[in-house]
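Note sheet for the following structure.
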Amino acid sequence: MFTKFSPQAKGIILRSHRYALNQNEYVIGTEFLLLALFNEPNSSCQVLLGELGITEEDLIDRINKINVFRKNIPGLIIYTPKLRLILEKAVELCKKTGTDFVYEEHLFYALLNTPDCIACYILDELEVDREDLSQEIIDVMGWDLENTKKKHKLNLKSFSFVENITELVEKGQLLPLIGREDILERINNVLNKKNKRNCILIGNAGVGKTAIVEGLAQKYYLEKKPIQIIALNVASLVAGTKYRGDFEQRLKDFIEAIKNREDVILFIDEIHNIINAGNSDNNLDMANILKPSLARGEIRCIGATTVDEYYKYIISDMALTRRFLPIFVDEPTIDETIHILLNIKKYFESFHQIVIPTETITHLVKQVEKALVERFFPDKAIDVLDEACAYAKIHKQKSLTCSIVDEIIRTITNQHLTKEGLNNLNKYPFLKKYYLRYYSNIRSTYQPIVSILCEYEDENELNCFLNDLACIFNIRSEAIKKINLNHFTDHHSISNLIGAPPGYVGFDNPHT
């Protein structure tokens, strides 16, 4: 640290040592630094305090009246935490003002702007306005600290493709994060590494990956850490880049703006989109442009993607994979989801102007678990809660009831069986198990509701049966796929049904 100190500043530090040792103190406090600064000939401290009529005797008298209990170890000189902080601030001020070394002005300014130290307590007892003295030092030295701060503050207005999540937190536009403390701690550890300070949140859609990043921004805001989390929209970044090199230049300008900034964390949702983003006419894609900065730790990045997309896109690029530490985000349990909804229900009560009883929350989560099995907590529960509250408000209900929740779930899952559909179901008793499986949502999303092999002579008879099917399952007739096996007499035509065999185009697509 002292390599940046001028001979003048080093002499002041040594003088503070002597003053402390004269009083048999081996712990050097801020009061001894103040006395050493005052006794530096023609120093800013001596001049400014002298103009206020303060003498050396005044300072010594105040120091002697203060009873400070410190643990002294004879022969071992140590600094108090506040004194170390003043020295660090002086070095930082030296960098901001563009000077090569720390001088007495830097030390005195840093002391004046370090509250809750003994030196400031002495100055307050002497009725010294520390803010006025700080401003006088700035005026005399010609420091432009305001412009320095503006220069170092990140300006996002020129980047239309990013959103400042920290600003949304300041405006109170985000729901609080409930739980997930273990994941937040893991993210913090990764972000504070020296190299490869990047992590990727992997989890199914709706488990709360983006909410975790928003919760991290809230955590920094509550802890008053000057860290901004900015979200990058890949689609907006690519949009409007008509000419060759536009995309690369736009991205490089953005990387240069956030490079080596400890107060900025980049968040990329759906991070798999950076692969091949902007790649046209053999240009570099976004992933390859980001890789060097990600590896050297010049930028800190959090990504988010689903499990399927991680293994389909990210894993295939090993160079990108090793730059991100994977953090898997599991779906919360039923009890955890109930706890989440109980903590955020006040925001929905305030918005919809209704009361949400605790028993309704419990009923909602348990019913959603049974009905919407293809989706994940807590997203599906929050969606149903929001829609149920909207329904209750529209129908001028004062409280959200379990019956309203059940009605909303039936609407979402399309579980409204008409009288005609019930009569048709009784005509075809073999369809009852498929009907129960369909309305219980215990089936794969990519599989048909039911597969029926029919042999018929009359086309009208088949059409009537298909209309009855549409009525039973409450679906459109377009959702019924009719296949004529007369068109599948050749060996290779089976690929139209089950997909292409290995080695042919499209065999690796599970949805064909």
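Values quoted throughout were computed directly from the atomic coordinates according to the rules given, and no laboratory measurement underlies them. Quantities reported herein were computed from a predicted structural model and do not represent experimental measurements. Cβ placement follows ideal geometry from the backbone for every residue including glycine, while neighbour counts extend to all protein chains displayed.
So which lysines pass the test for K427, namely a Cα distance under 25 Å, with those fewer than 8 places away in the same chain ruled out?
K419, K481, K482
Go through segment 1-93 and name the trypsin sites (Lys or Arg not before Pro) that are in a DSSP coil and have 15 or fewer other Cβ atoms within 10 Å of their Cβ.
Numbers: sites: K4, K10, R15, R18, R62, K65, R70, K71, K82, R84, K89; in loops: R70, K71.
Taking segment 1-93 and a limit of 15 other Cβ atoms within 10 Å, the loop trypsin sites (Lys or Arg not before Pro) found are R70, K71.
Starting from 0 in steps of 5 Å, tell me what percent of the Cα-Cα pairs of segment 8-76 lands in each bin.
3, 16, 27, 24, 16, 9, 4, 1
Please give, to one decimal in nm, the separation of the simple spin-label points placed at I60 and K346, each 7 Å out from Cα toward the Cβ.
For the pair I60/K346, the computed spacing is 5.8 nm.
What number of lysine-lysine pairs in segment 36-124 show an alpha-carbon separation below 22 angstrom, given a sequence spacing of 8 or more or placement on distinct chains?
Details: K65/K82; K71/K82; K82/K95; K82/K96.
Close lysine pairs under the 22 Å cut-off: 4.
Nearest 20 debye, what's the magnitude of the dipole of segment 2-149 about its Cα centre given +1 on Lys and Arg Cβ and -1 on Asp and Glu Cβ? Intermediate values should be presented prior to the final figure.
Values: 15 positive and 24 negative charges, 208 e Å.
Dipole size: approximately 1000 debye.
Could you tell me how far the Cα centroid of segment 1-74 sits from the Cα centroid of segment 171-238, in Å?
45 Å
Rounded to two decimals, what is Rg over Rh for segment 2-149 when you use alpha-carbon atoms and the Kirkwood radius? Intermediate values should be presented prior to the final figure.
Details: Rg = 14.8 Å, Rh = 15.6 Å.
With Rg and the Kirkwood Rh in hand, the quotient comes to 0.95.
Once both labels are modelled 7 Å past Cα along the beta-carbon direction, what's the V355-E457 spacing in nm?
6.8 nm
So how much slack lies between T321 and V505, counting 0.36 nm per residue of separation and subtracting their Cα-Cα distance, in nm? Could you put the intermediate results ahead of the total?
Details: separation 184, 0.36 × 184 = 66.24 nm, distance 2.64 nm.
Here the segment from T321 to V505 would lengthen by 63.6 nm.
What residues qualify as long-range amide H neighbours of V102, i.e. H under 5 Å apart, gap of 5 or more or another chain, H built at 1.01 Å from N?
For V102, whose amide H was placed from the backbone, the distant partners under 5 Å are F5, S6.
Cα to Cα, under 19 Å, and not fewer than 8 places away if on the same chain: which aspartates and glutamates meet these conditions relative to K370?
Those aspartates and glutamates meeting the cut-off are D330, E331, D335, E336, E359, D379, D383, D386, E387, D406, E407.
In segment 334-413, what is the volume of the convex hull around the alpha carbon atoms, normalised per residue and reported in Å³?
Values: hull volume 5.8 nm³, N = 80.
Hull volume normalised by residue count: 73 Å³.
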